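The values are calculated or read from the model by the stated rules, or taken from the named source; none is laboratory data. Predicted model, so just to flag it, every value in this text is computed and none were measured. Cβ placement follows ideal geometry from the backbone for every residue including glycine, while neighbour counts extend to all protein chains displayed. SASA here: full protein model, heavy atoms, side chains in, ligands and nucleic acids out. Shrake-Rupley method; radii C 1.70, N 1.55, O 1.52, S 1.80 Å.
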Amino acid sequence: MVLDELTREFLIESQEGLDRMERCLTDLEERPHDTALLAEIFRAVHTIKGTTGFLGFKRLEKLAHAGENLLGLLREDKLSADGPIITSLLRLLDGLRSILKTIEAESSEGNGDDAVLIRRLEELQAPKSAQAKEHARVRAGAHQPAAAPAGSGAISAVATSPTATPPTAPSEHPLSAPTPATQAQEPAASPDLKAPAEAEGDAAKPRSQGAGSAAESTLRVDVEVLNRMMNLVGELVLTRNQVLQATSTDPTMTMLSRRLDMVTADLRESVMKARMQPVSNVFGKIPRIVRDLSQSLGRRVRLQMEGQDTELDKSLLEAIKDPLTHAVRNSLDHGIEPPSVRQAAGKDPEGTLKLRAVQEGSHVVIEVSDDGAGMAVEKIRQKAIERGVITPERAAHLPERELLQLVFLPGFSTAAAVTNVSGRGVGMDVVRTNVEKIGGKVELDSRAGKGTTLRLRIPLTLAIIPALIVRSVNQSFALPQGALSELVHIPPEQAAAAIEWIEDAPLYRLRGKLLPLVFLDRLLMPEVKHKVASERDSFIAVLDADGRRFGLVVDGLADPEEIVVKPLSAVLKGIGLYSGATVLGNAELALILDPGSIALRAGVAMSAEEDRARAAEGERKAEASESLEYLLVEVAGRQAAVPLADVLRIEQLPVSRIEYIGYRPVLNFEGHLLPVEDSGGVLAAAESNPEAQIVVVVCREGNRHVGIAVSHVLDVAAGGKLFEAGTSQLTEGVTLLKDRVTGVVDLGGVPPLPVQAPAPSEWNQMEEAAR
Amino acid sequence: MSTAGTAVNRKEKAATLVEMCSVRVGQTLFGIPITHILEIVGSARPQPVPLAPVFVGGLVHYRGDVLTTVSLRQLLGLPPKEGPQDILVLESTSGCFGLLVDSVGEVLTVSSADYEPNPSILDERRRALFAGAYKLKDSLMVMLDPERLEPMRLGATQGA
């Protein structure tokens, strides 16, 4: 349908107005007398009404008019916005939206019937006759019975769910009702008093006035244009690289090319910035979802949102909308318990759902956390066995953290019953697939009885991703860093021993576990005879793609690069191994490998399935069973153990990288400050030689990260339990590693950094938790 | 004599003139209507794509996009050519692609009067690729239609 310019502009503007209205409505529930909020809502509806009259959309005008009358009363403080009123206003919002959608699709309003809704909106205005002193009591009585006969779906839902939104607003009312005058006199209200003046003006005018100052400084741009700009900037970057190379010997050109370099970098940044939008665009929808769900599920939920102005590329923002909604639904349905259950468990009957967005380096982390029941690890274990994802033997030995990850497998759901909201078993796997599709990662943390945190790590932009450039079949390929977990170098003389074979399946022992290998050259050119590993250097890129773990063997590694992703033609996409192509800094083209498809093509199975197969073969690792795995380290001549589950990464660096705050050693790691524990005196010993290399084991401790300075990392081993002689009580802080009694490093004992220090985000979180 | 001359003139007037870019692959001279050509990129080295269908000549970088090229040589089953090749950037209804040829020659103006459809002795594959021929003074020029060379279409008809 072709819409004229005026109608299209009206649609966009109205949509925006309604989005704002939705946000305000949920806020209004908490602050029913906030005049600024009311004015904003009124303005959105009024603008629609005014313009529709002008454009001749009668149905829309009628509906908006009914809403406007009710809102007028609210704004004049003749009514107070209680639960039923807000529910009806939300219905109004949905009604207006659906008409707008019809207009967009068919350029007419359609012929739905809004009579029920309009009548409901009118009924709610009823108490306006009862003014003066009886005002409050009459209304409080009048609303509740009015709700039942009206009988529209959402309204009866409110009436039948007694736990949802206790009528806080009416109970407050006797206090606020006698003082409408003082409210109106508040200075905050004064700018909004202009709104009614506009309202009384002619119908066509307010629209242009409403657009006002914002329209002068902002401009709507088609996303297509931005995409094209991004492409061209990528091209410019490439041309710049070539110019820089060509002019490097000519001194007269150096100044010019350096300037070109700078301008290009700035331009690239600006174009990327133009594509950024605050996450509030997605967060803004959440309060409504939480409100509706908590009503229909009978939960009481307080929603907290943080970091709403964190920015993310537009296309990524679109992509996380569904996973985020899903996570919120999950939290409400499975996480936060009904108030009675919470009370019985000694918790605040009102649950807390927290949404938090924060930028960490080149990623944005979005957290959805609740203080609900958490995930019952036992339930997951049982379900996993029931569904046959894992064998009972294996399940008994799997550490908690790994068990939690099982919920990401397709068709896994722990909800006791299938509910309307979630629990059909198409939950977490969809979240993970969607997030991984855009190069992000999902992490799950849960404590039974305490709550669940889902963490989405999203790259800042989709168009530019960090990648490792690898060489194979005399070509360069880009391997997205997101899937890469580590790299192993195998020199030719060790190849025969390091790569083992079962028939023609190559395997590598990575810390004692067999890792299936995929030779990239054989995969890409099966018909050619390739050099065997003992004739050349090989590199194993250990990849983790959609739960499939394997090693990709390549001939060489080049530097990591930030690559600009270019789409491939359909014919080449059809091959299935490449997710795109890119132009490298040296103007060479490189195909971007898709680790997930490579794993599939090579027949690498999900690790859980692999477990099943392994157990079926009767190949069990009995020793590792009862115990945790530890990283065995040497600290100044002594051996110590760090729980492997807490180890994030191992860094080797010169001792000069360690800096001090007072006496406390810290490591500035990509802008994040890490406290370094040096109880063994490794730093002091290495101090004399600033070139000396030390090893820092970076661990997770609660929500923060800490570093442990060690001399060497020796091995990974399973720790055995030790019991105190006589009492037979389990000892703490010590474990049996490789038949030696080994002390376990106490990560919790690492004192936190002073709060005034340039604090990374983990610290803020710690602080809040403490409050 | 004069009547014969006017007859020829009339015939030429009815016929439309087409400008064709001539390209050479192996021994054969091909022609592509210049209206379908966006640009000619000289001496390029496309990046090969492992596991791609055999007619794909590789990828080239073209104005911020990565362009899939079709190798006319490989399409005709000729042995690969060493060294750089020329690329015609063609526009078809379903997007742009590159056509890899041995060398690009001059632009010739031909008359539709000199056109003849594909001769029947061509093998089936060539009959599907070629769009007839123009009779030049001392040689033949095989006409190519970008629509028939479009990678997606080739992928469907030629197989891998």
Sole exception among (1) open to solvent by 70 Å² or more (accessible area, probe 1.4 Å); (2) assigned to a helix (DSSP H, G or I) for residue A:249, by number
(2)
Leading residue by the ranking (nearest to the other protein chains (Cβ to nearest Cβ)) among those in region B:28-47 that are within 30 Å of residue A:524 (Cα to Cα) and surrounded by fewer than 17 Cβ atoms within 10 Å (Cβ to Cβ)
B:45
Looking at region A:66-86 only, could you name the residues that are crowded, with 19+ Cβ neighbours inside 10 Å and among the basic types (Lys, Arg)?
A:75
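Among the strands (runs of 3 or more DSSP E) lying completely within region A:274-370, list those that include at least 3 residues that are over 22 Å from residue A:24 (Cα atoms) and out of contact with any His (no Cβ under 9 Å at 6 or more places or on another chain). If you could, list the steps in order and put the result at the bottom.
Values: elements: A:276-278, A:301-306, A:311-313, A:351-360, A:363-370.
In region A:274-370, A:363-370 are the strands (runs of 3 or more DSSP E) which contain 3 or more residues that are over 22 Å from residue A:24 (Cα atoms) and out of contact with any His (no Cβ under 9 Å at 6 or more places or on another chain).
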Does residue A:245 satisfy the criteria of being of a type outside the set (A, V, I, L, M, F, W, C) and farther than 25 Å from residue A:363 by Cα?
yes
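So which residues in region A:737-751 are of a type outside the set (Asp, Glu) and over 18 Å from residue A:723 (Cβ atoms), if there are any at all?
So the first thing to find is which residues in region A:737-751 are of a type outside the set (Asp, Glu), and the list is A:737-738, A:740-745, A:747-751.
Correct list: A:738, A:745, A:747, A:748, A:749, A:750, A:751.
Restricting to region B:48-61, name every residue that is outside any loop (DSSP other than H, G, I, E, B), facing chain A (nearest Cβ under 7 Å) and under 11 Å from residue A:572 (Cβ atoms). Please lay out each step first, then the result.
Taking region B:48-61 first, the residues outside any loop (DSSP other than H, G, I, E, B) are B:56-61.
Applying the additional criterion that residues be facing chain A (nearest Cβ under 7 Å) yields B:56, B:59, B:61.
Passing the criteria: B:56, B:59.
Criterion first (within 14 Å of chain A (Cβ to nearest Cβ) and in contact with a helix residue (DSSP H, G or I) (Cβ under 7 Å, 6 or more places away or on another chain)) does residue B:16 satisfy it? So that I can check it myself, show each step before the final result.
Values: within 14 Å of chain A (Cβ to nearest Cβ): no; in contact with a helix residue (DSSP H, G or I) (Cβ under 7 Å, 6 or more places away or on another chain): yes.
Spelling it out, it is not the case that residue B:16 is within 14 Å of chain A (Cβ to nearest Cβ) and in contact with a helix residue (DSSP H, G or I) (Cβ under 7 Å, 6 or more places away or on another chain).
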Among the candidates A:63, A:89, residue that is open to solvent by less than 10 Å² (accessible area, probe 1.4 Å), in a helix (DSSP H, G or I) and closer than 21 Å to residue A:289 by Cα
A:89
Matching residues in region A:447-500 - criterion: being aliphatic (A, V, I, L, M) and open to solvent by 60 Å² or more (accessible area, probe 1.4 Å):
A:448, A:462, A:487, A:496, A:497
I need a count of the residues in region A:557-577 that are assigned to a strand (DSSP E or B) and open to solvent by 10 Å² or more (accessible area, probe 1.4 Å).
7
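Could you tell me whether residue B:98 is within 20 Å of residue B:20 (Cα to Cα), out of contact with any helix residue (DSSP H, G or I) (no Cβ under 7 Å at 6 or more places or on another chain), within 13 Å of chain A (Cβ to nearest Cβ) and not aliphatic (A, V, I, L, M)? Don't jump to the end; show me each part of the working.
On the way: within 20 Å of residue B:20 (Cα to Cα): yes; out of contact with any helix residue (DSSP H, G or I) (no Cβ under 7 Å at 6 or more places or on another chain): yes; within 13 Å of chain A (Cβ to nearest Cβ): yes; not aliphatic (A, V, I, L, M): yes.
Judged against the criteria, residue B:98 is a match.
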Note on region B:105-142: residues of a type outside the set (Gly, Ala, Ser) and under 20 Å from residue B:74 (Cβ atoms) are B:122, B:123, B:124, B:125, B:126, B:127, B:129, B:130, B:142
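Among the residues of region A:307-358, which ones are of a type in the set (A, V, I, L, M, F, W, C), over 16 Å from residue A:294 (Cβ atoms) and under 12 Å from the mean Cα position of the chain (by Cα)? Break it down stepwise before answering.
Taking region A:307-358 first, the residues of a type in the set (A, V, I, L, M, F, W, C) are A:312, A:316-317, A:319-320, A:324, A:327-328, A:332, A:336, A:341, A:344-345, A:353, A:355, A:357-358.
Cutting the leftovers down to over 16 Å from residue A:294 (Cβ atoms) gives us A:312, A:316-317, A:319-320, A:324, A:344-345, A:357-358.
Scanning region A:307-358 gives A:312, A:316, A:317, A:319, A:320, A:324, A:357, A:358.
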Could you tell me whether residue A:542 is open to solvent by less than 50 Å² (accessible area, probe 1.4 Å), out of contact with any Gly (no Cβ under 9 Å at 6 or more places or on another chain), touching a residue at least 12 places away in the same chain (Cβ under 8 Å) and away from chain B (no Cβ under 14 Å)?
no
Condition set open to solvent by 80 Å² or more (accessible area, probe 1.4 Å) and in a loop (DSSP other than H, G, I, E, B), scope region B:95-135, selection modelled with the lowest pLDDT: answer is B:120
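Would you point out the residue of region A:587-598, among those that are within 12 Å of chain B (Cβ to nearest Cβ) and farther than 15 Å from residue A:473 by Cα, that is nearest to the chain's Cα centre (by Cα)? Steps first, answer last, please.
First, the residues of region A:587-598 that are within 12 Å of chain B (Cβ to nearest Cβ): A:587-593, A:597-598.
Next, from what is left, pick out any that are farther than 15 Å from residue A:473 by Cα: A:587, A:597-598.
On the way: A:587: 34, A:597: 24, A:598: 26 Å.
Among those that are within 12 Å of chain B (Cβ to nearest Cβ) and farther than 15 Å from residue A:473 by Cα, it is A:597.
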Of the candidates A:514, A:584, the one satisfying the condition of being within 12 Å of another protein chain (Cβ to nearest Cβ), of a type in the set (A, V, I, L, M) and surrounded by fewer than 20 Cβ atoms within 10 Å (Cβ to Cβ) is A:584
Any idea which of A:243, A:279, A:221 is hydrophobic (A, V, I, L, M, F, W, C), in contact with a strand residue (DSSP E or B) (Cβ under 7 Å, 6 or more places away or on another chain) and away from chain B (no Cβ under 14 Å)?
A:279
Of the residues in region A:701-730, those that are more than 30 Å from residue A:664 (Cα to Cα) and surrounded by fewer than 18 Cβ atoms within 10 Å (Cβ to Cβ) come to A:720, A:721, A:722, A:723, A:724, A:725, A:726, A:727, A:728, A:729, A:730
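Every residue, every condition in (1) closer than 12 Å to residue B:30 by Cβ; (2) within 14 Å of another protein chain (Cβ to nearest Cβ); (3) of a type in the set (A, V, I, L, M), yes or no:
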{"site": "B:107", "(1), (2), (3)": "no, no, yes"}
{"site": "B:110", "(1), (2), (3)": "no, no, yes"}
{"site": "B:122", "(1), (2), (3)": "no, no, yes"}
{"site": "B:134", "(1), (2), (3)": "yes, no, no"}
{"site": "B:154", "(1), (2), (3)": "no, yes, yes"}
Out of all the residues in region A:630-682, which are part of a helix (DSSP H, G or I) and crowded, with 18+ Cβ neighbours inside 10 Å?
A:644, A:646, A:655, A:682
